[in-house]
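Bear in mind these aren't lab numbers, they're just calculated from the coordinates by the rules spelled out. Remember, predicted model here, so these are calculated numbers, not experimental data. Because the Cβ atoms are built from the backbone with ideal geometry, glycine has one as well, and the counts that use them run over all protein chains shown.
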Amino acid sequence: MVSEPNQGRVGWPKTFDSCPNCGEIKTLTDELKAEEVAAGKIRETTHIALLVAHTLIADPGMIDKTLSVPAIISAWDACAACGTLYVKHAHIQSVMRQGPGGINNLKL
Ligand SMILES: [Zn+2]
């Protein structure tokens, strides 16, 4: 079971449209994506990230006592001009505990 993204939290989701170091808007994946779109291999609307991180906000000593924990799902990319790695998009999602110790219902 997956809850509504961001759970009504103010300020979420977070989107960063340019490099925090130099201000460039193109990323490494933008460059290759453009080539693949031009070749008709992927759609323009396809979301691609260099890295995706699922960060559980939980206390390992208490996780067995909770049915769900919040997680930050973040999509990272690198600046095409200077290589700075930065978060492009992040949202909050509640993930449910399934089975012994397992949390496996993350959704992008
Ligand atoms: Zn940059």
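Determine, yes or no, whether Leu56 is surrounded by 13 or more Cβ atoms within 10 Å (Cβ to Cβ), more than 17 Å from Trp12 (Cα to Cα) and touching a residue at least 24 places away in the same chain (Cβ under 8 Å). Criteria not met by Leu56. For the stretch 23-37, the set of residues classified as under 19 Å from Leu51 (Cα atoms) and part of a loop (DSSP other than H, G, I, E, B) consists of Glu24, Ile25, Lys26, listed by residue number. Summed over the stretch 13-52, residues that are at positive phi and either within 16 Å of the ligand (Cβ to nearest atom) or surrounded by 10 or more Cβ atoms within 10 Å (Cβ to Cβ) (or both) total 1.
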